[in-house]
Structures are given as C-alpha cells and as structure tokens.
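The structure appears right after this line, and notes come after that.
The values are calculated or read from the model by the stated rules, or taken from the named source; none is laboratory data. These numbers come from a predicted model, not from an experiment. So basically every Cβ, Gly included, is an ideal-geometry build from the backbone, and we count neighbours across all protein chains shown. Calculation scope for accessible area: heavy atoms of the full protein, side chains included, ligands and nucleic acids excluded. Shrake-Rupley method; radii C 1.70, N 1.55, O 1.52, S 1.80 Å.
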Amino acid sequence: MDSPVRILHLEDDPADAELVRATLEGAGIACQTTRVETGGEFRQALAEGGYDTILADYRLPAYDGVSALQLTRELRPDVPFIFVSGAMGEDAAIEALTGGATDYVLKHKLSLVVPAVKRALREAENARERKRAEANIALRNFALDNVQESAFLIGEDARLYYVNEGACRTLGYTREELLGMRVADIAPDFPAERWARHWNELKSRRSLTFEGRHRTKDGRVLPVEISDNYFEYDGRGHAMALVRDITERKRAEEKLQQMELQLAHVARLSTMGEMVAGIAHELNQPLYAILNYAKAARNFLAAKGADELEPLCEWSEEIADTARWAADVVKRLRSFARRTDSERSRCRINHIVRESLGLVDFAARRAHVVLEAQLCPESPVVWADRVELQQVLVNLLQNALEAMQDTMPEKRRVTVQTAVAGGAIEFSVADHGVGLPAGDHQSLFDPFVTTKPGGLGMGLAISKTILEAHGGRLWAVPNPAGGATFHGTLPLVDEIQTDAD
Amino acid sequence: MPTEPTVFVVDDQEQARKSVCALVRSMGVRGEAFSSGEEFLRRYVRDEPGCLVTDVRMLGMSGLELQQKLAAEMVRLPVIVMTAYPATRVVVRAMAAGAITLLEKPYEEEELWDAIRRALAKDAAQRAGLERQREVQLRASQLTPEERRVMNMIVSGMPNKTIAKRLDVSLRTVENRRREVFAKMGVDSVAGLVRLVIEGGLDEARI
C-alpha cells in the first residue's frame with residue numbers, strides 16, 4: 001500500500017498498542033496509529049474522522065469495547081472495527097460480531113491481526129465500490145426517468161421489463177401495469193409475428209429508426225418516432241426502444257403540406273388562366289378581321305345587285321356570323337379564365353409580404369434557406385388584389401429558393417425589403433443563387449422563357465402582368481456579390497384611387 | 001386637299017386595320033390604314049376632312065395618347081375609339097377627351113356605320129362653322145377701330161347715349177358709326193349683330 005493505513009487504536013496499554021503497530025509494520029503494512037483510552041477521546045477522534053480502520057480492546061479501565069463498537073456503527077458505519085483483546089470469551093466474540101464488528105484477534109495470537117486488517121481494508125474498499133456503483137445506477141435511472149422520450153427494455157419474447165417515467169406519462173399506465181405487458185399491448189402495429197420479424201431484423205442491423213403508432217391506456221393513438229437498439233448482455237439479447245411523441249410535428253407537417261398544395265393549385269389555375277387569356281387574345285384578332293372582311297365582301301356583292309351573286313352575298317353573311325360566334329366563344333372563355341372581378345381593396349404591403357413569407361416558410365426550411373424580412377416602418381397602403389400580389393411575392397420567393405439549390409448552406413439567405421420612394425412602394429427579393437442569365441434581363445419576363453429544367457416560363461410573365469395591371473413595374477438586377485434581386489413597385493393608395501373610377 | 005371625307009384607321013395589327021378599311025370602303029366611304037399613331041401624325045395634313053378610328057392598345061403611342069395629341073394641337077378631327085377589352089378607366093378617358101364613341105371589338109357593323117356617320121356629320125358641321133367664322137371675321141376686318149369699339153358696346157347692350165358718354169363723343173357720331181357697323185357686317189338688327197359676333201368668335205377675340 002502506498003499511503004500508511006490510518007488506525008484509531010482504543011487501548012489503555014501503550015506497550016500493547018506499540019506491539020500491534022510493530023506487528024503490522026513487520027508484515028509490510030505502514031501504519032499511522034492514534035491511540036485513545038477514554039470514551040471521550042474515542043468519540044472525538046471518530047467525529048474528526050479520517051481513519052481507515054479501528055482497533056479496540058474489549059475491556060478498558062475508562063471505557064469498554066462494546067460501547068465503542070456501537071458508537072462506531074452509529075457514526076462511521078463504513079469503517080471496519082476489529083477487537084484486539086487479551087481475554088475474550090466465545091460468547092463475547094459472537095456478541096461482538098453480531099453487533100457489527102468486522103473481526104476479533106486475541107493478543108496472544110497477535111500475528112493474526114495482519115490478515116484481519118488486510119481483509120477489513122479490502123472489504124471496506126469493496127463496500128465503497130458497491131456504493132459508488134449503486135449511486136451510479138440510481139443516477140442513470142433518474143436520468144432515464146427525466147428524459148422526454150419513453151424508454152423500454154424489451155426481451156425477445158416481446159415482454160417489457162424496463163420502462164421509464166416518460167413511458168408511463170405518455171401512455172397513461174403505471175410502471176407496474178406496463179411491466180406486465182408485451183409490445184403488442186401498446187404498439188397495435190406489432191402483433192407477435194411482426195415482432196418476431198422485427199427482432200430478427202433488429203438483431204442483424206443493431207439499430208433501426210422508424211415511425212409508428214402507440215396506443216394509450218385511454219385509447220388514443222399517437223404518432224411516434226422509434227429508435228430501436230439491439231444489444232447482448234449476459235448472453236441474452238435485449239432491445240432498447242426510445243420513443244418520441246411526434247403528434248405536434250405531424251400536425252405541423254400536414255398543415256404545411258396542405259398549404260403547399262393550395263399554393264400549387266392557385267399557381268396552376270392562374271397559369272392556365274393566363275395561357276387561356278393569351279390564346280384567346282391571339283384568336284380574337286384574326287376572328288375580328290375575318291368578320292370585317294366578310295361584312296365588306298357582303299356589302300360589295302349587295303351593291304352589285306346581280307342575282308347570280310345572291311348566294312355569295314348570303315355566304316359572306318354566314319362567314320361573318322360564324323366568325324362572330326367564334327369570337328363570342330373566345331371572349332367568354334377569356335372572361336372565365338381570368339377573374340374579371342379583380343378584387344381590389346386597400347392592403348398593407350407589409351402584411352402581404354409577411355403572409356407570403358409564411359406560405360413559403362416550409363419550403364425554405366426544407367431547402368435550409370433563411371428568410372429575412374426588412375420591412376419599412378410606415379406600413380404603406382396600396383389599392384390591390386391581395387391574392388394576386390401574394391402570387392407575385394410567392395413566385396419571386398420560390399424562384400429565389402430554387403436559384404440557391406447549389407449555394408453553400410451558410411449563404412442560403414433570401415432578403416425581402418419594402419420601402420417608400422416618391423409616390424410609390426418599392427419591394428425587393430434578393431437571393432445568393434445562380435444569378436441572371438447573361439445579356440438581356442428583360443426577356444426573363446416574356447412568356448415561356450425559363451432557365452429552369454421543367455419550368456413553364458409563366459411565373460415572371462404573370463408577375464409582371466399583375467404588377468403592371470396595378471400600375472407598377474417589375475425588373476431584375478444582378479447582385480454584386482452573386483445572385484439576383486427582383487424589384488417591384490406599386491403606386492401608393494392615394495395616387496391610384498384618383499385613377500380608378 | 002380632297003374634299004371627300006376619309007376614315008383614317010389606326011391599328012398596329014395589319015389584318016385588323018386592313019379589314020376595317022375594307023368594311024369602310026364597302027360602305028362607300030374612303031378608308032386609309034395606318035400601323036401606328038406616329039405614322040398617322042406624319043401623314044395627316046391639317047384640315048383634311050374625315051374622322052379617325054383608332055385602337056387603344058398599340059405598340060408605341062396608344063390610341064388615347066393619339067387622341068390627346070390631336071386635341072393639344074387643336075386638330076378637331078372626330079375620333080372613334082376601338083378596343084377588345086374596354087376597361088372602365090379607358091372608356092371614361094376616351095369619352096372625357098371627346099370621342100364620338102367607344103366600340104368594343106368585335107362590334108356590329110351597324111354600330112360602326114352609325115359611329116362613322118355621326119363622326120363625319122360632326123366634322124362637316126365643324127367645318128361649316130369654321131367657314132362661317134372666317135366669313136364673319138373677314139367682314140369685321142373692314143371696321144375701323146372706332147367702329148369696332150362701338151360694335152362691342154352695342155353687343156354688350158349699351159344704349160347710344162351711354163356709348164356717347166363713355167367714348168366722350170357726340171350722339172350723332174355714335175349714330176353714324178352704328179350705321180356703318182350694321183352696313184359693313186350686313187345686318188339690320190342688334191339681335192342679328194349679336195348672333196354674328198358669336199358665330200365669328202369675335203366676342204372671344206375681344207376678351
């Protein structure tokens with residue numbers, strides 16, 4: 001042993017004490033002995049502490065060994081206590097051992113004090129070790145009981161033989177109830193045969209993460225994410241399942257998915273609408289010309305007044321009527337495709353920007369893009385169709401997200417700004433993406449022009465049309481640091497109101 | 001300068017303007033086509049009789065801008081506006097600027113014919129008014145400054161005595177000048193003189 005053994009020796013005879021010390025030192029045990037004679041001294045020494053073992057005489061003039069033992073068990077239950085006595089009957093020895101003494105040694109067989117002390121020290125060390133281990137286990141249990149996740153230890157037979165507090169809390173069962181259950185009782189998707197397959201897969205893969213369902217005591221079914229882990233201990237296989245309740249996450253995901261669908265639907269409808277409107281316009285012009293020509297022909301033929309021209313006159317009239325019919329169809333189609341009742345009202349541009357940011361929030365998070373809004377403090381008002389403006393902003397934001405697919409993640413940022421300049425509101429959407437194609441930026445806004453594979457090329461064309469219909473403009477400039485900024489303007493509300501009716 | 005009126009058709013769509021011209025000609029009226037407002041302004045000679053038929057949405061100058069430009073230059077050619085998509089704003093602007101009417105494409109032939117007839121009638125009336133004005137102004141130019149002053153005072157309703165007092169001349173002098181005014185202007189009553197002054201725009205000239 002490196003450091004000396006600190007011994008508290010209750011002994012009235014200094015010579016005996018010295019003899020014990022010499023015997024121990026002779027056996028290679030370095031000692032640092034403190035000898036006390038009275039109960040008072042003994043109590044004080046115990047209170048001060050710092051002893052590895054206690055040696056005590058059985059009978060003393062001013063104290064007695066049994067009292068010393070009792071006091072020691074009371075104050076220092078972990079310190080070994082060995083009687084070293086000249087005369088100690090068998091009854092007394094038994095009483096001492098049952099009273100908690102570690103050992104006893106008779107003075108006439110003093111050499112036995114060496115193994116006694118050694119064993120006592122070893123046992124004390126073991127006891128301390130055990131205590132530390134128990135404390136460790138208690139800490140781990142405490143920690144497991146205080147995590148948000150439910151934890152289950154499961155055997156090959158699908159029985160639960162450990163559950164933490166989280167499992168009880170989430171499922172609504174007591175620990176005792178759960179410990180009598182099998183997996184199928186809480187996970188309706190895991191009947192016995194499915195569990196057997198799962199066990200085998202888990203055994204070969206060691207760890208599996210998947211989504212599933214758990215049923216609570218009161219019959220609710222929760223969506224959960226399960227991380228299942230396999231290990232072997234003591235020659236047996238165990239599964240440790242960590243289960244997280246993902247009800248909130250699922251709900252949020254579903255909501256956002258719905259919003260995205262809605263958005264896609266609106267975008268598709270308005271794209272179709274614009275295309276139909278465009279085609280209708282293209283058809284209307286030639287139909288109009290045909291109508292005019294047919295009428296002109298009819299007039300000329302009628303002026304000739306010849307009988308043999310009568311059918312031609314009639315047919316020209318028919319051509320004119322047919323062209324008008326076609327023109328009417330096209331016109332109806334156009335007014336159907338484009339909402340003629342553009343619903344304009346006073347809108348706060350900053351609100352529309354925030355709503356639009358909300359609509360692309362999910363897509364942005366999925367693309368790891370940070371959305372940043374720098375909105376002007378004035379909260380300016382425009383006379384506009386709210387949905388159409390949203391469509392413009394969402395379109396610009398989505399373009400910005402798509403442009404940054406190959407941008408380094410830390411630079412993926414879209415900045416939306418609003419500002420009042422002159423009689424107009426200016427807004428901008430800036431990204432750090434692939435930037436603008438070289439050359440004419442204006443052609444970006446023409447219909448069917450796209451830089452995206454699979455793009456229809458209508459987004460910017462429609463956005464520009466919408467803003468111009470509101471008396472505003474839309475244009476693009478390259479950013480000095482890479483990427484592009486799209487600028488839009490809209491007249492402030494007072495200006496536009498004098499222009500309407 | 002042709003005395004026969006012409007319908008000037010302005011539309012940036014070739015088939016549109018050509019077909020309107022064909023229709024106009026089939027109605028027995030001269031038609032001439034232009035691909036833009038700018039082209040029309042370069043070619044049109046002031047006082048050419050007729051009317052203008054223009055589309056609203058065109059490359060370059062819009063139909064409404066063309067209408068405003070003519071008004072600013074005091075060209076009184078009647079204007080018919082056409083558009084495929086008549087927005088309230090466009091209709092109001094066109095009519096406020098004095099358009100004969102606004103036709104929605106495609107229109108009924110009768111609507112176009114009716115509009116053209118009204119436009120040409122207005123042009124002719126304006127032209128006749130202009131003729132009369134020139135004639136009256138010619139007569140007025142023969143008056144001496146003194147006679148002119150007396151005429152203005154008669155038209156504002158002053159009796160001879162008041163005029164004499166105002167001009168500080170004798171009643172006889174006023175009566176002489178008055179006789180000269182009636183003779184040179186070719187009228188025989190105050191009422192006739194007043195009508196002539198208005199027709200000739202002479203009251204405006206005085207102000």
Using a 10 Å cut-off on Cβ to Cβ distances, tally the other chain neighbours for every residue of A:280-290 and report the average as a whole number.
4
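For peptide A:293-301, compute the average count of partner chain beta-carbon atoms within 10 Å of each residue's beta-carbon. Don't jump to the answer; show the numbers that get you there.
Numbers: counts 7, 4, 10, 12, 3, 3, 9, 4, 1.
Average per residue, whole number: 6.
With a probe of 1.4 Å, find how much accessible area the protein assembly as shown has per residue, and write the answer as a whole number in Å². Write out the running numbers ahead of the final one.
Values: 38630 Å² over 708 residues.
For the protein assembly as shown, the solvent-accessible area averages 55 Å² per residue.
Given Cα pairs under 8 Å that are at least 6 residues apart, what percent is the relative contact order of region B:1-138?
Details: 206 pairs, mean separation 28.9, N = 138.
Normalised by residue count, the contact order of region B:1-138 is 21 percent.
What FRET efficiency would be calculated for the residue pair A:Lys411, A:Arg128, taking the C-beta separation as r and a Förster radius of 56 Å, to the nearest 0.05? Show your work: numbers first, answer last.
On the way: r = 57 Å, r/R0 = 1.01.
Using R0 = 56 Å, I get an efficiency of 0.50.
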Taking the Cα centre of chain B as the origin and placing charges on Cβ (Lys, Arg +1; Asp, Glu -1), which of B:Ala140, B:Gly98, B:Met158 is farthest toward the positive end of the dipole?
B:Met158
Once the piece of chain linking A:Glu201 and A:Asp307 is laid out straight, how much longer is it, given 0.36 nm per residue of separation minus the C-alpha distance between them?
28.6 nm
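Relative contact order for region B:141-205 using alpha-carbon pairs under 8 Å, separation at least 6, rounded to a whole percent? List each step's numbers first, then the result.
On the way: 36 pairs, mean separation 21.2, N = 65.
Contact order relative to length: 33 percent.
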Whole-Å distance, taken between Cα centres, linking region A:146-203 and region B:21-42:
89
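Share of region B:1-75's accessible area from carbon and sulfur, percent, 1.4 Å?
Numbers: 1710 of 3450 Å².
For region B:1-75, the apolar C and S fraction of the accessible surface comes to 50 percent.
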Value of Rg/Rh across region B:29-116 [Cα atoms, Kirkwood radius]
0.93
Distant-in-sequence amide H partners of A:Val381 (H built 1.01 Å from N, under 5 Å):
A:Val493
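Computed on protein heavy atoms with a 1.4 Å probe, what is the summed buried accessible area for the chain pair A and B, in Å² to the nearest 100? Spell out each step's value before the answer.
Numbers: alone 28740 and 11870 Å², together 38630 Å².
Using a 1.4 Å probe on protein heavy atoms, the buried area is about 2000 Å².
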With label points built 7 Å along Cα→Cβ from the Cα atoms of B:Lys69 and B:Gln133, find their separation and express it in nm.
2.3
For chain A, the longest principal axis of the Cα atoms and the Cα long axis of helix A:113-145 enclose an angle in degrees, to the nearest 10, of 20
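Hey, what's the Cα Rg ratio for chain B versus the globular rule of thumb, 2.2 N^0.38 Å?
For chain B, the normalised Cα radius of gyration is 1.40.
Rounded to the nearest whole Å³, what is the per residue volume of the convex hull around the Cα atoms of region B:1-73?
Working: hull volume 5.6 nm³, N = 73.
In region B:1-73, the Cα convex hull volume per residue is 76 Å³.
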If every alpha-carbon in region B:141-205 counts as one equal scatterer, what log10 I(q)/I(0) does Debye give at q = 0.25 1/Å?
-1.14
Just for the Cα atoms in region A:69-134, what are the lengths along the principal axes, largest first, rounded to whole Å?
39, 24, 16
Full extension from A:Arg251 to A:Asp218: what is 0.36 nm times the residue separation minus their Cα-Cα distance, to one decimal in nm?
9.8 nm
Convert each backbone phi in region A:202-213 into a coupling constant with the Karplus relation 6.51 cos²θ - 1.76 cosθ + 1.60 (shift: θ = phi - 60°), then list the ³J(HN,Hα) values in order as whole Hz, x for Gly and Pro.
4, 4, 7, 8, 6, 8, 9, 10, 7, 9, x, 10
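Determine the share of region B:156-207's accessible area contributed by carbon and sulfur atoms, expressed in whole percent, with a 1.4 angstrom probe.
Numbers: 1740 of 3440 Å².
Looking at region B:156-207 in its full context, I get 51 percent from C and S.
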Using modelled backbone amide H atoms (1.01 Å from N, in-plane), which distant-in-sequence or interchain residues come within less than 5 Å of B:Met58's amide H?
B:Gly63
Could you give the angle, 0 to 90 degrees to the nearest 10, between helix A:14-26's Cα long axis and the longest principal axis of the Cα atoms of chain A?
60
Vicinal HN-Hα couplings computed from phi for region B:110-121 (Karplus, 6.51 cos²θ - 1.76 cosθ + 1.60; Hz; Gly/Pro x):
5, 4, 5, 4, 4, 5, 5, 4, 5, 4, 5, 5
How shielded is B:93-103 by partner chains, expressed as the average number of their Cβ atoms within 10 Å of its Cβ atoms?
0
Taking N as the number of residues in chain A, what is its alpha-carbon radius of gyration divided by 2.2 N^0.38 Å?
1.96
If I model a spin label at A:Asp78 and A:Val370 as a point 7 Å from the Cα along the Cα→Cβ vector, what separation in nanometres do I get?
5.1
What list of ³J(HN,Hα) couplings, whole Hz, do you get for region A:283-289 from phi and the Karplus terms 6.51, -1.76, 1.60, once you set θ to phi - 60° and write x for glycine and proline?
6, 4, 4, x, 4, 4, 5
Collect residues whose amide H, placed 1.01 Å from N in the peptide plane, falls under 5 Å from the amide H of B:Val53; neighbours closer than 5 in sequence don't count.
B:Phe8, B:Val9, B:Val10, B:Ile80
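For chain A, calculate the relative contact order in percent as a whole number, restricting contacts to Cα pairs under 8 Å that are 6 or more residues apart.
Details: 782 pairs, mean separation 34.4, N = 501.
About 7 percent, as a whole number.
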Report, to the nearest 10°, how far helix A:39-48 tilts away from the longest principal axis of the Cα atoms in chain A, using its own Cα long axis and a range of 0 to 90°.
20
Suppose each label sits 7 Å from its Cα in the direction of the beta carbon; what would the A:Asn141-A:Thr38 distance come out to in nanometres?
4.7
